[in-house]
1. Determine which single condition residue 233 fails, assuming it passes every other condition in (1) under 18 Å from residue 3 (Cβ atoms); (2) in a loop (DSSP other than H, G, I, E, B).
2. If I filter segment 154-170 down to residues being part of a loop (DSSP other than H, G, I, E, B) and over 17 Å from the mean Cα position of the chain (by Cα), which single residue comes out as farthest from the ligand (Cβ to nearest atom)?
3. Mind checking which residues of segment 21-36 are surrounded by fewer than 23 Cβ atoms within 10 Å (Cβ to Cβ) and either within 16 Å of the ligand (Cβ to nearest atom) or in a loop (DSSP other than H, G, I, E, B) (or both)?
4. Could you tell me how many of the residues in segment 127-142 are touching a residue at least 12 places away in the same chain (Cβ under 8 Å) and either in a loop (DSSP other than H, G, I, E, B) or not β-branched (Val, Ile, Thr) (or both)?
5. For residues that are of a type in the set (Asp, Glu) and assigned to a helix (DSSP H, G or I), scanning just segment 106-126, find the one that is modelled with the lowest pLDDT.
6. Just checking, does segment 96-105 include any residue being modelled with pLDDT under 95 and part of a loop (DSSP other than H, G, I, E, B)?
7. Spot the failing condition for residue 55; the list is (1) more than 16 Å from the ligand (Cβ to nearest atom); (2) surrounded by fewer than 20 Cβ atoms within 10 Å (Cβ to Cβ), and only one is missed.
Amino acid sequence: MRTIKVASTGGFCFGVERAVKLAVSALRDGPGPVHTLGPIIHNPQEVRRLESMGLKMAGKVEDVSVGTVIIRSHGAPKEVVQDLKAGSLQVVDATCPFVNRLRDRVISLGEEGYQVIIVGQSDHPEVMSILSYAPDGSLVVQSVEELAEKGSLRSRVGVVAQTTHSIENLQRVAAYCVGVCSEVKAYRTTCQATQTRMQEALALAREVDVMIVVGGRNSANTTRLTEAAGREGTPTYHIESAAEIEALSLPVDAVIGVTAGASTPSWVIEEVVQTLQAQ
Ligand code: SF4
């Protein structure tokens, strides 16, 4: 008989839940139409649900002429925020407070004259937003190796990380900087919600035969959960929805662990669990 163990921490984090609630309120209260700049969260199923309620997506501010614009939980580049504030559109800022805290760290490091090193994915919207607040000469790297290759460190550096990045990698980059720079200021800007999910996913992966990680393929933290659970030696599958379960041909007597990224809604997780139970 199949046993299913569901991680208690999987699914919406505080920042994503807040962004979705703000979007639903904007759709109710207007003025319409209501647009987000890019997908409001990295979960196609939840984005489609909100679109069915009337939410629209715009690529850039110029694409919206009337109504409301929502800044998503990842935030937006400085110039975009300035344009929005100067314009006539209603603006709902759903930037996660933890992303704003990271932004404020970067601004203060710049004011204090530090070169800023952001540990994270350069093409992630949160990092693109944060980099726009960083002083000239700031760098985005994913690893110590990448930083060593870039080789343009100044004597005073400030180190921060994308909120969903691994704390271990932030520590490695900060330690490398201590070895080559005369002054290093590092902030632990990684989000506790991400770390808690990661710890529980790793513990669950060690207990079960198979791990299922539910979340958008465009979700950085879901991808990291999948990679980390797989490194525990447990067969691990990243799926977006229950529709993908049948193709996995999972054994009927396996113990299956289920967790989810921070942008996966509970209704998608429940559908996955119900489908696993019904097989
Ligand atoms: S993962 Fe953390 S920083 Fe990112 S939206 Fe959620 S609570 Fe905010």
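The values are calculated or read from the model by the stated rules, or taken from the named source; none is laboratory data. Since we're looking at a predicted model, the values are computed, not measured. Ideal geometry is used to build each Cβ from the backbone, glycine not excepted, and the neighbour counts take in all protein chains shown.
1. It fails just one condition, (1).
2. Going through segment 154-170, the residues part of a loop (DSSP other than H, G, I, E, B) turn out to be 154-155, 162-166.
Within this subset, residues satisfying the condition of being over 17 Å from the mean Cα position of the chain (by Cα) are 154-155.
Details: 154: 28, 155: 31 Å.
Among residues in segment 154-170 that are part of a loop (DSSP other than H, G, I, E, B) and over 17 Å from the mean Cα position of the chain (by Cα), the one farthest from the ligand (Cβ to nearest atom) is 155.
3. Across segment 21-36, the qualifying residues are 21, 22, 30, 31, 32, 33.
4. Within segment 127-142, residues that are touching a residue at least 12 places away in the same chain (Cβ under 8 Å) and either in a loop (DSSP other than H, G, I, E, B) or not β-branched (Val, Ile, Thr) (or both) number 11.
5. 126
6. There is no residue in segment 96-105 that is modelled with pLDDT under 95 and part of a loop (DSSP other than H, G, I, E, B).
7. (2)
One line per residue, one yes/no per condition, for (1) more than 15 Å from the ligand (Cβ to nearest atom); (2) buried (at least 18 other Cβ atoms within 10 Å of the Cβ); (3) assigned by TED's automatic domain parsing to the domain that holds residue 141:
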position	(1), (2), (3)
79	yes, no, no
90	yes, no, no
114	yes, yes, yes
118	no, yes, yes
126	no, yes, yes
